[in-house]
Structures are given as C-alpha cells and as structure tokens.
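Here the structure comes first, spelled out in structure tokens, and everything after it is commentary.
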Amino acid sequence: MSVYYTLCFLAALAIFIAFANQYVVKIQTTIAITAGSMLISALLVLFGKLGWFNLEPLAVKTMESIDFQNFLLKGILGFLLFAGGLGINLKALRSQKWEITILSIVATLLSTLLIGYGFWFIAKLLGWELPLVYCMLFGALISPTDPIAVLAIVKKMKAPPQIAIQIEGESLFNDGVGLVIFATVFAVAFGGVEPTFGSVAGLFLHEALGGILFGAVLGLIAHVMISATDDGSLELLLTLCIPTAGFALANMIGVSGALAMVVTGIMIGNWTRHSGFSEQSRHHLDHFWELMDQFLNALLFLLIGLALVLLELAWQDWILLVIAVPLCLAARFISVSLPYMAFRKFRNYNTFSVRILTWGGLRGGLAMAMALALPSGVMMIPEHNVDLRQVILVMTYSVVMFSIVVQGMTITPMITAAKKACGDY
C-alpha cells in the first residue's frame, strides 16, 4: 500500500476517534486522538505477545514507511506554524514582546542546558558514562513546548489574556528556536562542527536570523501579490504557496523554515488580512486555515500515539523512562520561574502564570520528529549495547505522552483558578 493511501486511512481513523469522543469520553479532541491511538498501539503489542491477531509487524512496517521525521519537519510543520501565526494578535503580542522573546529564547536555552546536564549527571550516578553532547541532544529536542492541545482548552475557557498570549506566542516561536538549537547540537554531535562558542553561535544566528529575515521578505511578497488581486480563490491559493514552496525554499537555503512560517503568518494575519482581503475573503481565510490546522493536527496526534509500536524497551530504558518526566518538568519550572523573577520587577502577573506555563508547556510531534531524526547504530552505552536513538526515542515518547494525556487533561483547574484570581470567573 502506498504512503498516500496509508495516510488517507490514518486520517480517517483520527477523524473517527474524534467523532466517537464527542459521544463517549468527551475530552479535548487532540488528547482523545492521542490517547485512542496509544491504546490501539498497546493492544497491538499485547496481542502480538499473546499470539493473537499478530498485527504488530504490519503496524511497525506501516509507521516506518511514513518517515515521521520528514513528514513533520519537512512537510506539515510549515502548515501548522503558518496557521498558528495567522491567529496571533500582533497588538497583544507587542504588549508581551519581552516576555515572549525571553521565554522563547532564554528559557528554551536554559531548559536545554538543565535537561542535558541533569541527564548526564543522573546517568553518571547510575554508573553510565554518557557523552555530554548526546545528553544535550535530548535537552534540545524536548525543551520546545508544543501546546497545541492545551491551546484549544485555553481559548475555550477564555483564559486570562495575559497568560493566553504568552502560551500562544511562546509555543510558536520556541518551536523555531528549538529546531535551531537542535540543528546546532546535531551538527556538533554528528556533523564535525567544532564545539567552539564562535562556531555554535554563528550556526545558531545563521538559521534563526536568516529564518526571520526570509519570513519577512516572503510575507512582503505575499502581501503585495494578495493586495493586487480581487479574486478570492486566488488569494487563498497564494497563502497556500507560503507553507509549501516558501517553507521548502527556506529549508533548501539553510535558514529556519519554522521561524519563517511564524513571521509570515503573523504578517499575513495582522497586515494583509485588513488591507489585502475583502470581508468575505477574510472569512474564507480563517475558515480554510482553521480547517487545515485541525485536520493536520488530528493526523499528527494519531501518529504520535501509534509511534508506541516503534519502541523496543530494554531494562535501561525503563529507568530512563521513569526519570525523563520529572527531569523535564523540573527544568521547565526553573526555566520559566527565573525569567518571571525579573518580569515581576516591572509588571504584575497572575499568581498562576508560572504554574500554567509549566504544566501547560506540552511536548508533541516536534520532539518525536527530532528524536526519530537521530541516526541509529550509535551506541550511547557501549558496554550494555544501548542504542542512542532508541534511548532518546523512549525518553521522548514518555515525556510527550505524559504531557499530552496527563498535563493536557489536568490543566483546566489551573485556568479556572487563574480566572478567579483576576476576577474573570
């Protein structure tokens, strides 16, 4: 069966789970799809072990045929980030520009270092001598938050605007920043780049600043072309060129396509929306990209749950699986709390801001895609024949599933408490 047909059937499965959820469990849709697909994966593995309906090899073959890493990092990520950028209110973003900038860059870098060194130190206590650069790889790929699932809850419950814009802005920008950090550490680990401050900073700035500048130029070109036509269908088709050809070109010239899509999305959503589209076209723009975002997210979260069949757990993996979640939560709390100590010297914030940003900082498909991008056959613990890719994939999966299912389902009481604290309840 072709990859296209496979994706067609998987997309139908994701929509079927979403349909059943509204009558059975009635939880947030992306959480339901992830939990449902993980349950399907677990049953396939269990039935295979018991000798019943041995479909596990077929499921593994299907997942491997999709190439999750290329499908997300070089494919639908552009659509998801562009759609997210379209929905950002630039006026609200400006009011929180320093907070979002620091959380996206400084907090992500700090989290990478805390998780990397924490992983290295814990492994040393367990008697495993791990290369620090491999530990930093895990820190880099797991630090960017991907709160797509919780954003729906935040909007549905009308969370305090100050908190909502921080979650939205940080999640979009630190996806791009996280990819740049990961690419930089990856180049040091496997690309022969010398780990000097100059080389690492140069690589980081090239991807990050290059992506922002490319996105600004792309947004300007799109604005001029959209403003020059009154054909509503052509206007939508022009926006479709941005996360397709535009995203591909950014990746080809070596700049951050993720950051480019966020910048272009914000420009189109806040500038072109008001001066380049008619009122009817604006309605079509919002409806089209909201539908595209929901469809691709449904497919993405289904694939995250089904990725369980790709894991092969050794005894060392169980130990790392247990320590991964508290390590990442602690690093997230510290990396958010420290900037807030400085923020509070200049502005008052909701007392639940740090807790919501910590617990609502979900990890998702981006982390899984980066973990699957690691080369196999590299021994992380040679004396125990433990593969780097498998170890990091297991740790990443445990954090992703915990954050989506547990954190995503329990964030609601915090948002309710935050609303009460600011008198909006």
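The values are calculated or read from the model by the stated rules, or taken from the named source; none is laboratory data. Small disclaimer: the values here were computed from a predicted structure and weren't measured. Using ideal geometry, Cβ is built from the backbone for each residue, glycine included, and neighbour counts are taken over all protein chains shown. All accessible areas refer to the heavy atoms of the entire protein, side chains included, with ligands and DNA or RNA removed. Shrake-Rupley method; radii C 1.70, N 1.55, O 1.52, S 1.80 Å.
Counting Lys and Arg as +1 and Asp and Glu as -1 over every other residue whose Cβ lies under 14 Å from the Cβ of Ser111, the net charge comes to -1.
Build a GNM of the chain with springs between Cα atoms under 10 Å apart, and of Gly75, Gly269, Gly211 the one that fluctuates most is Gly75. Sorting the segments 343-354, 11-22, 404-415 by their mean number of nearby beta carbons within 10 angstrom, highest to lowest, gives 404-415, 11-22, 343-354.
Let a ≥ b ≥ c be the square roots of the eigenvalues of the Cα gyration tensor of segment 235-369; is it rounded (a/c under 1.5), or, if not, prolate (a/b larger than b/c) or oblate? Judged from the Cα gyration tensor, segment 235-369 comes out oblate (a/c at least 1.5, b/c at or above a/b). Among Leu110, Leu209, Leu77, the largest mean-square fluctuation in a Gaussian network model of the chain, built with springs joining Cα atoms closer than 10 Å, belongs to Leu209. Let me make sure I get this right: for segment 38-146, a, b and c are the square roots of the gyration tensor eigenvalues over alpha carbons, sorted descending. Under 1.5 in a/c it's rounded, otherwise prolate if a/b > b/c, else oblate. Which is it? It is oblate, given that a/c is not under 1.5 and a/b is not larger than b/c. Projecting label points 7 angstrom from Cα along Cα→Cβ for Arg282 and Trp98 puts them 3.2 nm apart.
Legend: helices of the chain (whole DSSP H runs) are marked when their alpha-carbon atoms reach 30 angstrom or more along the helix axis and their mean Kyte-Doolittle hydropathy is at least 1.0; marked are 29-50, 161-190, 197-227, 315-343. Summary: within the chain, the longest segment free of GluC sites (Glu not before Pro) located in DSSP loops with at most 12 other C-beta atoms within 10 Å is 130-311. Measuring r between the beta carbons of Trp52 and Leu291 and using R0 = 51 Å, the FRET efficiency lands at 0.85. The P(r) of segment 1-93 has a tail past 16 Å containing 69 percent of all C-alpha pairs. Modelled spin labels at Asp67 and Phe16, positioned 7 Å past Cα toward Cβ, are 2.8 nm from each other. Could you tally the net charge around Tyr349, taking each other residue with its Cβ under 13 Å from the Cβ of Tyr349, Lys/Arg +1 and Asp/Glu -1? Local charge sum for Tyr349: +3.
To the nearest 0.05, what FRET efficiency results for Val3 and Val217 with a Förster distance of 35 Å applied to their C-beta separation? FRET efficiency, Val3 to Val217: 0.60. Based on C-alpha pairs under 8 angstrom that are at least 6 apart in sequence, the chain has a relative contact order of 27 percent.
The length gained by stretching the chain between Leu249 and Leu311 to full extension, at 0.36 nm per residue less their Cα-Cα distance, is 19.0 nm.
Surface composition of the chain: carbon and sulfur atoms hold 69% of the protein heavy-atom accessible area at a 1.4 Å probe.
Per residue, the chain exposes 45 Å² of solvent-accessible protein surface, assessed with a 1.4 angstrom probe and all protein chains in place. Considering the chain, its Cα convex hull presents a mean projected area of 21.9 nm². Report, in listed order, any pair from Lys26/Lys420; Lys26/Lys345; Lys26/Lys91; Lys61/Lys124; Lys97/Lys420 with a Cα-Cα distance greater than 30 Å. Those over the limit are Lys26/Lys345; Lys26/Lys91; Lys61/Lys124. A crude spin-label estimate for the pair Val406 and Ala342, with each label 7 Å from Cα along the Cβ direction, gives 3.1 nm.
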